[in-house]
Amino acid sequence: MAPKKRPRPNATTMKMVGAQVAVCRVAKHLTQKQLGDLIGLHSETVASIEQGRRVLMPDVAELMDRALGLPGVLTVAATQMPQVDVTPPWVEEYLDLEFRALALSWYDTLVVPGLLQTDDYARAVFGCRIPAMGEVEIDLQITNRMQRQQILTRPIPPVLSFILWEPIIRTRISGDEVYWKQMQHLRTCMDRPTMSIQILPLSRDTHAGLDGPFILLETPERQVLGYSETQQGSHLVSDPNEVGILTQRYGMLRSQALNVDATRDLLDQLLGER
């Protein structure tokens, strides 16, 4: 069974913008395919934008404005969505792919990956952000993060592999209580049949992941993509050569990390120290 569409915090705004695209296209007597041909998009993508199922990216909005002879109307719509109600545009495409993914291989170095975070741990992470986030925005971000975790309970969940650098399980963000609950949650997640978690120990004298965190994602079409984030953006990789490099790194990281049984023992040891 295909997963249900991921709920979006900015769904109303996206539908409004999409309706504007549709009205402007029809006014020019163009079909979705014809508009797509003019701007280099598939008709299905144009349809998704018009129906509010796909965010209108600013660069696409500019192309649509030119193709439809508009004075920047769609560009303004794409760039002026309410700040409290928007997922950053550079994240939207990845989140759609994540929600439908067949498999994810995730390497992280600083915090527990979002798919494995407890509510309190996520609140602590967002509470560390600089500039500081208001309580309303933090609540919204936590809601979005918990919604992402719905993929773990799909009728057919994705196959998930996580490699965490050891500092993640040593850093007590927001105090002992939050830390212990998060460690217990990690240990519980390890019992899921489609999930593996491995710790890359600090004691290793070789480390294949020094260039930073990244994710490998397999789509329902069996395409493997790479994804990484910076502080103000992200990079989605589809080029086979670049994806191949990330795949090699992930394979090496798996060999350098503790195996699943040793990781389980380490978490049990930590929890026994409470």
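In the stretch 122-189, counting only helices (runs of 4 or more DSSP H) that sit wholly within it, the ones holding 2 or more residues that are more than 18 Å from Pro213 (Cβ to Cβ) span 135-148, 176-189.
Considering the stretch 96-118, the residues that are open to solvent by less than 20 Å² (accessible area, probe 1.4 Å), over 16 Å from Glu229 (Cβ atoms) and assigned to a helix (DSSP H, G or I) include one that is modelled with the lowest pLDDT, namely Phe99. All told, Tyr121 falls short of being in contact with a Phe, Trp or Tyr (Cβ under 9 Å, 6 or more places away or on another chain), over 30 Å from Asp176 (Cα atoms) and open to solvent by less than 70 Å² (accessible area, probe 1.4 Å).
Scanning the stretch 236-261 for residues that are more than 17 Å from Asp211 (Cα to Cα) and either in contact (Cβ under 8 Å) with a residue 60 or more places away in the chain or in contact with a Cys (Cβ under 8 Å, 6 or more places away or on another chain) (or both) yields a count of 3. Checked against the criterion of being outside any helix (DSSP H, G or I), in contact with a Phe, Trp or Tyr (Cβ under 7 Å, 6 or more places away or on another chain), open to solvent by less than 90 Å² (accessible area, probe 1.4 Å) and more than 22 Å from Met183 (Cα to Cα), the candidates Gly212, Gly226 yield just one match: Gly226.
The values are calculated or read from the model by the stated rules, or taken from the named source; none is laboratory data. Computed from a predicted model, the values in this text were never measured in an experiment. All Cβ positions, even for glycine, are placed from backbone atoms using ideal geometry, and neighbour counts span all protein chains on display. Heads up: the accessible areas ignore ligands, DNA and RNA and are worked out on the full protein's heavy atoms, side chains in. Shrake-Rupley method; radii C 1.70, N 1.55, O 1.52, S 1.80 Å.
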